[in-house]
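A.B. asks: Right, I'll just put the structure down here and ask away after.
The values are calculated or read from the model by the stated rules, or taken from the named source; none is laboratory data. Keep in mind the model is a prediction, meaning the values are calculated, not measured. We place every Cβ from the backbone using ideal geometry, glycine too, and count neighbours over all the protein chains shown. Side chains included, ligands, DNA and RNA excluded: accessible areas come from the protein's heavy atoms. Shrake-Rupley method; radii C 1.70, N 1.55, O 1.52, S 1.80 Å.
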Amino acid sequence: MANNKTFTMIKPCAVKNGHIGAILAKINEAGFRIVAMRMTRLSVSQAEAFYGVHKERPFFNDLVEFMSSAPVVAAILEKDNAVEDYRKLIGATNPENAEEGTIRKAFAVSIQENAVHGSDSDDNAALEGGFFFASSESYTADGIEVLD
Ligand code: CMP
C-alpha cells in the first residue's frame with residue numbers, strides 16, 4: 001500500500017452509540033475517499049492478533065474484550081498524506097487531550113473506547129488493511145476499478 005492510504009476502524013462503542021454515519025461524514029468532509037469498507041465483528045482471537053503489538057500492556061485484555069464486544073466498521077481510506085492527515089483528524093488517543101473538531105473529541109467515551117482506530121505508519125496501514133481486505137475488495141478512488 002502506498003503512502004496515500006490509511007486504515008481505520010470505527011470501534012464498538014461508536015457503532016453501538018449510533019455514530020457510524022457521522023464519523024463517515026467527517027472522514028469524507030476531510031477529503032478522504034473510502035476505497036474499501038466492511039462491518040464485521042472481531043472474534044477474541046482476531047482482536048488479539050490485530051492488537052498483538054500491545055500484548056504486554058496492562059490494558060491488553062480489556063482492549064481485546066472491548067474490541068470483540070460488538071461490530072466494528074473497517075475501512076481503507078485514500079488521500080495524499082493519508083496516515084498523518086487521518087491521525088490529525090481523529091485526535092489524541094486519550095479524548096481528554098483531543099483537539100476540538102477531531103473525531104475522538106466528538107465521539108470518544110474514554111481512552112479505551114475512543115471511537116476510532118487509525119494506522120500510525122504506512123507499513124502498519126498496509127498490514128492492517130491487509131488484515132481485513134483482500135486486494136480484490138479494494139477499489140480505486142473513483143470507486144470503479146478493483147485495485148489488484
Ligand atoms: P488505538 O489507537 O486503536 O490503539 C491501541 C488502543 O488501545 C487505543 O486506541 C485504545 O483503544 C487502547 N488504549 C491505549 N492506551 C490505553 C490505555 N492507557 N488504557 C486503555 N486503553 C488504551
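A.B. asks: Give the lysines reachable from K55 as a straight Cα distance under 20 Å; neighbours fewer than 8 places away on the same chain don't count.
C.D. replies: Within reach: K11.
A.B. asks: Using 0.36 nm per residue, how much length does the chain from E137 to T40 gain when fully extended, once their Cα-Cα distance is taken away?
C.D. replies: Net length gain for the segment: 33.5 nm.
A.B. asks: Give the aspartates and glutamates whose C-alpha is closer than 19 Å to that of K16, dropping any in the same chain fewer than 8 places away, or say none.
C.D. replies: D62, E65, E113
A.B. asks: Which residue fluctuates most in the GNM of the chain (Cα springs below 10 Å): I27, I76, I90?
C.D. replies: Between I27, I76, I90, it is I27 that shows the largest mean-square fluctuation.
A.B. asks: Let me ask something else about it. Mind checking which lysines have their Cα closer than 18 Å to the Cα of K5? Skip sequence neighbours fewer than 8 apart in that chain.
C.D. replies: Cross-link targets: K26, K79, K88.
A.B. asks: On to the next question. Across the stretch 127-144, in residue order, what do the Karplus-derived ³J(HN,Hα) couplings come to in whole Hz, using 6.51 cos²θ - 1.76 cosθ + 1.60 with θ = phi - 60° and x for Gly and Pro?
C.D. replies: Going residue by residue, I get 5, 5, x, x, 5, 9, 10, 7, 4, 6, 9, 10, 10, 6, 4, 7, x, 10 Hz, with x marking Gly and Pro.
A.B. asks: Which of the three applies to the stretch 6-74, rounded, prolate or oblate, going by the alpha-carbon gyration tensor with a ≥ b ≥ c and a/c under 1.5 meaning rounded?
C.D. replies: prolate
A.B. asks: Please sort by residue number the trypsin sites (Lys or Arg not before Pro) in the stretch 1-106 whose DSSP state is loop and whose Cβ has at most 16 other Cβ atoms within 10 Å.
C.D. replies: R41, K55
A.B. asks: For the chain, which whole-number percentage of the solvent-accessible area (1.4 Å probe, protein heavy atoms only) is attributable to carbon and sulfur atoms?
C.D. replies: 47
A.B. asks: Where in the stretch 99-134 does the label zone of E84 land, with the point 7 angstrom along Cα→C-beta and an amide N cut-off under 19 Å?
C.D. replies: Taking a point 7 Å out along Cα→Cβ of E84, the residues of the stretch 99-134 whose backbone N falls under 19 Å are 99, 118-126.
A.B. asks: Given the rule -39500 (n - 2.57) for each run of at least 4 DSSP H residues, summed and divided by the residues of the chain, what is its mean residue ellipticity at 222 nm, to the nearest 500 deg cm²/dmol?
C.D. replies: Theoretical 222 nm ellipticity from helices: -10000 deg cm²/dmol.
A.B. asks: Sticking with this structure for a sec: Is the shape of the stretch 92-148 best called rounded, prolate or oblate, per the rule: a/c under 1.5 gives rounded, else a/b larger than b/c gives prolate, else oblate, with a ≥ b ≥ c the square roots of the Cα gyration tensor eigenvalues?
C.D. replies: On the way: a/c = 3.08, a/b = 2.23, b/c = 1.39.
Prolate, because a/c is 1.5 or more and a/b exceeds b/c.
A.B. asks: Given R₀ = 41 Å, what would the calculated FRET efficiency be for I111 paired with V146, taking r from the Cβ atoms and rounding to 0.05?
C.D. replies: Taking R0 as 41 Å, the efficiency between I111 and V146 is 0.65.
A.B. asks: Quote the FRET efficiency, to the nearest 0.05, computed for N97 versus N28 with a Förster distance R0 of 35 Å and r equal to the Cβ-Cβ distance.
C.D. replies: 0.90
A.B. asks: Determine ³J(HN,Hα), in whole Hz, for all residues of the stretch 78-91 in sequence, where each value follows from phi through the Karplus function 6.51 cos²θ - 1.76 cosθ + 1.60 and θ = phi - 60°; x replaces Gly and Pro.
C.D. replies: My calculation for the stretch 78-91 gives 10, 5, 4, 6, 4, 4, 5, 5, 6, 4, 5, 5, 7, x Hz in order.
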